[in-house]
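Structure, as structure tokens:
The values are calculated or read from the model by the stated rules, or taken from the named source; none is laboratory data. Given the structure is predicted, the values throughout are model-derived calculations rather than measurements. Cβ: placed from backbone, ideal geometry, glycine included. Neighbour counts: every protein chain shown.
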Amino acid sequence: MNRPTGPDGSEWEHAMSDTFDRRVRDLRESPLSFDAVTTTARRIRRRRQAAVAGGVIAVAAAITPVALIAVDRDDARSGELPPATTTPEVDRPDSGIDVGVPLIEGDTLTVDGTAYDLPSVSYRAAALLGDRILAYRTVREGPNQGDGVVEVIEDGIVTDAWQKTTPMIVSDSGQTVAFRMADGELMTVWDDDQVGMGSDFPPDAFPVAITGGPNCYEVADGCTVVFTDPGAGVFTADSHGITDTFAGDALAARDAWSSDDGARGLVTVLRQSGTAGAACSGIWDVRANEYAFTTCDYVVESIAPDGRHVIATDLYADGPGPTWFAVLDLKGNEVARYAPESGFVGRTVWEDPANIVASVFDGARWHLIRQPIDSGSLEEITSSDDGDEIDAAYYPQ
Amino acid sequence: MGAVTGRGTRAERRDADFTDYLTARQPALLRTAYLLTGDRHQAEDILQTSLAKLYLAWDKVADRNATDAYVRRIMVNEINSLWRRPWKRREHSTDVIPEGEPHPDAHVDASRRERDGALWEIVQSLPPKARAVVVLRYYEQMSEAETADALGISVGTVKSQCSRAIAALRDRVPADLHPGQES
């Protein structure tokens, strides 16, 4: 027994223990039958499935009940239980990390300073949608090694999953996610609803960014998903069922942004180079139907929330990643640059129009940093001994 | 043996394992649920939901020795959820032990029974999380680290919640009922 004691108050601790013992000493009943418990379990399962299935019965068959999920136990922490946690509105621990973007750190997802347990450390994308988390990971071992899986996590437990998906993408608002299912359907999910946006796309095409929403129904907000079709180019698919190809020399899309009213749209792309061996990139202005600028000096990545700047990285990064990132305006002018003294840059995301959050590895430790774009006053948010060159300690979303 | 038979056998074995657990551990879990809620009927409701969630996750609970901890954590989470519903906040515990409640030991002396009553009343007045901390710590005899892990809070929070609970007892339990003052 591990009876608590203490130099001060131990008599009260003993008193509480004794009182509790006496209070329940005669409570020796087993009022619940197996049937009663399993009836409740079926009700809970129906409720969860109804919440996940939403109104899209047609795609329900693709959702795998929890009992059928082949859990990648090697990805999970050995010997540990999937943590049973609360729904998001209940009392949750403060993560202690002051960062304005969702952050995956090990088996924790932090959103707005609140920590949510994940069942394992293997997730690379996650979004808190209403009272559940949708998270993406790849299977690391076994016959399905390399397959993508999007899992629905409630109470810290995987309750449903889509198997063999493309990587899950999350909208800038964090309220909508998208991915292609095993049957090719483009699935969008938000809050407690979801809708398929068609499957008549090239078989290898995968979503890269999603704008609009959060509700992707055509009669509601509507969404536009930007695809990369390897070897063929880029295109968009929207809730009206319209697909559009654009930027004829583009090889792949990296990110997309649209104004709140949907009138302006920008897409960052990798494009074919003019000279052998050199890769180029650019920002495609959807409304103008032309590049805002192109460059062969940078790889342009994510666009700021206000659409005024873009993160750019090292064109010729080798090894584990680029050694610096820069900020460009929409004319392609460099307005800021950050380079760690040693090591490399992991993932970079916009925290707001004025700040970038980045994961940085210095060769020994991972750091989460905040870089304002209008000054050099770098701020370290936190750091960790976890992770290595391959698996980062932090995945800002 | 065909596939259908094979699946049936596995399901039956699974249910048998769960039934064994239910039979063996239900009384102890009910006691914990009662201490966490302070109400027999609410304890049964919480326990039923928690065991149902355990049943759904049964195949994922790799370490059977940790199953109780898993259920306790679900129970605490369920209670936290319950207490955040506005209609539930309006309910108050009573001094009267309703029918079906476990009874304090009839053999302890009167002053200890009186102290038990006062202490129990104060524990019931604690916020749900603080009550969960003291129940896991002083009834389940979990260490500070185990309590922190079970509740998903820091060890520092466990210490501070315990300290506050003890301070409340010192302040609010009549002096002649303090431990060591029994006649």
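Scoring A:ASN333 on the criteria (1) at pLDDT 90 or above; (2) touching a strand residue (DSSP E or B) at 6+ places or on another chain (Cβ under 8 Å) leaves a single failure, condition (2). Taken together, the residues in the range A:163-173 that are in contact with a Ser or Thr (Cβ under 8 Å, 6 or more places away or on another chain) and not in a strand (DSSP E or B) amount to 2.
Does at least one position in the range A:261-283 carry a residue that is surrounded by fewer than 23 Cβ atoms within 10 Å (Cβ to Cβ), polar (S, T, N, Q) and farther than 21 Å from A:TYR298 by Cβ? Looking for residues that are surrounded by fewer than 23 Cβ atoms within 10 Å (Cβ to Cβ), polar (S, T, N, Q) and farther than 21 Å from A:TYR298 by Cβ, one finds none in the range A:261-283, hence no.
Those residues that are in contact with an Asp or Glu (Cβ under 6 Å, 6 or more places away or on another chain), at positive phi and touching a residue at least 24 places away in the same chain (Cβ under 8 Å), I need them from the range A:135-173; list them, please. Within the range A:135-173, A:GLY156 is the sole residue that qualifies.
Are any residues in the range A:108-162 among the polar types (S, T, N, Q) and touching a Ser or Thr at 6+ places or on another chain (Cβ under 6 Å), and if so, which ones? A:THR110, the sole residue that qualifies.
Counting the residues of the range B:133-164 that are aliphatic (A, V, I, L, M), in a helix (DSSP H, G or I) and at pLDDT below 90 gives 6. Those helices (runs of 4 or more DSSP H) of the range B:45-131 in which 3 or more residues are at pLDDT 80 or above and within 9 Å of chain A (Cβ to nearest Cβ) occupy B:67-83, B:110-125.
Which residue pairs have Cβ atoms under 7 Å apart, sit 6 or more places apart or on different chains, and have a first residue in the range A:174-197 that is free of Cβ contacts under 8 Å to residues at least 40 places away in the same chain and a second that is outside any strand (DSSP E or B)? Cβ pairs passing all conditions: A:ARG180/A:THR166; A:GLY184/A:SER199; A:GLY184/A:PHE201; A:GLY184/A:PRO203; A:THR188/A:MET197; A:THR188/A:CYS216. Could you say whether any residue in the range A:343-355 is more than 24 Å from the chain's Cα centre (by Cα), at pLDDT below 85 and farther than 23 Å from A:ARG124 by Cα? No, the range A:343-355 contains no residue that is more than 24 Å from the chain's Cα centre (by Cα), at pLDDT below 85 and farther than 23 Å from A:ARG124 by Cα.
Within the range B:35-44, the set of residues being touching a helix residue (DSSP H, G or I) at 6+ places or on another chain (Cβ under 8 Å) and either more than 9 Å from chain A (Cβ to nearest Cβ) or surrounded by 24 or more Cβ atoms within 10 Å (Cβ to Cβ) (or both) comprises B:LEU35, B:LEU36, B:THR37, B:GLY38, B:GLN42, B:ALA43. Six or more apart or on different chains, Cβ under 9 Å: which pairs go from a residue in the range B:8-33 that's in contact (Cβ under 8 Å) with a residue 24 or more places away in the chain to one that's in a helix (DSSP H, G or I) and of a type in the set (Asp, Glu)? Could you list them? Going by the 9 Å Cβ cut-off, the qualifying pairs are B:ARG14/B:ASP59; B:ARG25/B:ASP68; B:ALA28/B:ASP68; B:LEU29/B:ASP68; B:THR32/B:ASP68; B:ALA33/B:GLU44; B:ALA33/B:ASP45.
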